[in-house]
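Here is the structure we will look at, set down as structure tokens.
The values are calculated or read from the model by the stated rules, or taken from the named source; none is laboratory data. On a predicted model such as this, the values are computed, not experimentally measured, just so you know. Here the Cβ is made from the backbone with ideal geometry for all residues, glycine too, and neighbour counts use every protein chain on show. Please note that ligands, DNA and RNA were not included when accessible areas were found on the heavy atoms of the full protein model with its side chains. Shrake-Rupley method; radii C 1.70, N 1.55, O 1.52, S 1.80 Å.
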Amino acid sequence: MGVTNAEGFLGLVILFEIVACIVGVALLSLVYAVLSRTDNRMIRVGLPALAIAAGFLLLMPLDAPMLLVGALIFVVPMAVLIPPFVFSDWFGEEVRFTRVLTCDIVVSVAGATLPFLLVLSGLSMVPAVYWHTSLSNGAVYACVIALDIALAVLIYRGLGWGPPRS
């Protein structure tokens with residue numbers, strides 16, 4: 001019994017996602033090292049925004065499912081760093097890398113399912129998405145940013161670390 005084309009493609013996408021998650025952790029480590037050593041608010045806001053923008057510029061020509069895989073490199077690590085460093089008054093002074101890495105792993109796993117959900121839901125066949133124009137890719141990328149930041153906040157809250165409860 002041979003491997004069908006669909007199974008081979010699925011394996012290739014999963015391999016891309018694993019590599020993207022590993023590269024994302026490397027970017028996370030690098031940016032965390034910079035952010036944890038500065039109190040400058042402009043750097044704490046600007047560096048994640050710059051990484052996300054650079055990621056969009058690199059990923060803009062891709063189709064939506066591959067844009068979502070590429071977002072594992074640029075968006076997920078920055079989305080995980082935004083709550084504790086940009087909203088540091090909620091999270092306190094100490095930002096431990098283990099909590100950030102734990103959150104990154106969970107958000108990465110959730111983010112890795114997005115390309116499959118996009119294809120299975122049929123949204124990838126909607127012309128506004130599959131034409132992969134700058135506008136449609138920008139909309140997909142903005143949704144991923146918002147989703148990943150919201151998920152990171154929820155995970156931090158689940159870990160007992162995050163915004164005060166009202």
**Message:** Among the residues of the stretch 87-127, what is the count of those that are over 9 Å from the mean Cα position of the chain (by Cα), hydroxyl-bearing (Ser, Thr, Tyr) and modelled with pLDDT of 90 or more?
**Reply:** 3
**Message:** If the requirement is being open to solvent by 70 Å² or more (accessible area, probe 1.4 Å) and within 18 Å of residue 52 (Cα to Cα), which of these qualifies: 120, 147?
**Reply:** 147
**Complete:** Every listed condition ((1) open to solvent by 10 Å² or more (accessible area, probe 1.4 Å); (2) part of a helix (DSSP H, G or I); (3) among the β-branched types (Val, Ile, Thr)) holds for residue 107 save (1)
**Asked** Only one of (1) of a type outside the set (Val, Ile, Thr); (2) open to solvent by 40 Å² or more (accessible area, probe 1.4 Å); (3) within 23 Å of residue 11 (Cα to Cα); (4) in contact with a Cys (Cβ under 9 Å, 6 or more places away or on another chain) is not met by residue 112, so which one is it?
**Response** (2)
**Message:** Checking the condition more than 28 Å from residue 132 (Cα to Cα) and either surrounded by fewer than 13 Cβ atoms within 10 Å (Cβ to Cβ) or at pLDDT below 95 (or both), which residue from 84, 65, 61 passes?
**Reply:** 84
**Asked** Do we have any residue at all in the stretch 60-76 that's assigned to a loop (DSSP other than H, G, I, E, B) and of a type in the set (A, V, I, L, M)?
**Response** yes
